[in-house]
Amino acid sequence: MEGRRQNPYGMAGKTCLRNRPGGSPHAFRPFPPEGCMTSQQADNIVFASDLPLSSRLISLGEVIHFKKKQIIFEMGTVPEKLYYILSGSVRIVELSEESERLVPFTILQGNFVCDVRFLAELPLSFQVETLTDITLIAFSRSTVIRLLGGDPDFRHCLFRSIAQKMRCFGSTLLKTAYDDNLSRLMRLLESSAAEQDGVSTITMSQQELAEHLGVHRVTINRMLRKLQAQGCLTVNRERITLL
């Protein structure tokens, strides 16, 4: 259609009905972009690292514990230490010009958090919230400088963590620019579903879904009702079940 931007992913974002092992034959899956991650992997998740820090390196930092649903780093603060997620997960939360909460990505254990802002000595443009009980390892600036200069294992882990975040940012920018909201919602639902006894459910609330996609909760509700009418899912209060 004239004036409409072409989706660079081709078929990405369109749906197909496929059989899923252990699931319903009516389950939907977005077609994954060729050569990219499968639909079972979320583009807005910094996955647990397969190259975690060794116990030797962990012993050089300070152990800090936080409970679930806490804001551990406020927007505008300058990180004085470099933090490594030993266990648990956090989400990055930004505020739009209309003060709506946006969640560009979630970070799982085995990765650093606030690393770029720490290295650049700049204030945070976001806040960090815990999704679970979490254990962090805090490294002082002097320790980080020493390790960057003399420890290849530390450098590898840090640079890999930063690269993962860059992947998330780039993927989020492309999808925000080219994908329609319904395609983005379906991809998020599919990647976030937890399957038990052949039933796939979504534990995120509609407000959390809205924050992940950067849209209003009313928009999420309208799209869920559309998908429910198409027989793709059911919505019971805050519980979403894929069919």
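The values are calculated or read from the model by the stated rules, or taken from the named source; none is laboratory data. Values in this document were obtained by computation on a predicted structure and should not be read as measured data. When we count neighbours, we look across all protein chains shown, and the Cβ atoms used for this are built from the backbone with ideal geometry, even at glycine.
General observations
- Within the stretch 209-241, the residues that satisfy the criterion of being under 24 Å from T132 (Cα atoms) and at pLDDT 85 or above are L209, I240, T241.
- Residues of the stretch 115-145 satisfying the condition of being aliphatic (A, V, I, L, M) and not in a strand (DSSP E or B): V116, L119, A120, L122, L124, L131, V144, I145
- Test for R222: is it within 19 Å of the chain's Cα centre (by Cα), more than 28 Å from T77 (Cβ to Cβ) and not assigned by TED's automatic domain parsing to the domain that holds P104: no
- Single residue of the stretch 189-206 satisfying the filter (under 19 Å from I107 (Cβ atoms) and modelled with pLDDT under 80) that is surrounded by the most Cβ atoms within 10 Å (Cβ to Cβ): S192
- Within the stretch 230-243, tally of residues that are outside any strand (DSSP E or B) and under 14 Å from M186 (Cβ atoms): 4
- Note on the stretch 127-179: among residues that are aromatic (F, W, Y) and in contact with a Lys or Arg (Cβ under 8 Å, 6 or more places away or on another chain), the one that is modelled with the lowest pLDDT is Y178.
- Residue selection: S191 fails the criterion of being assigned by TED's automatic domain parsing to the domain that holds Q70 and either part of a helix (DSSP H, G or I) or without any contact (Cβ under 8 Å) to a residue 60 or more places away in the chain (or both).
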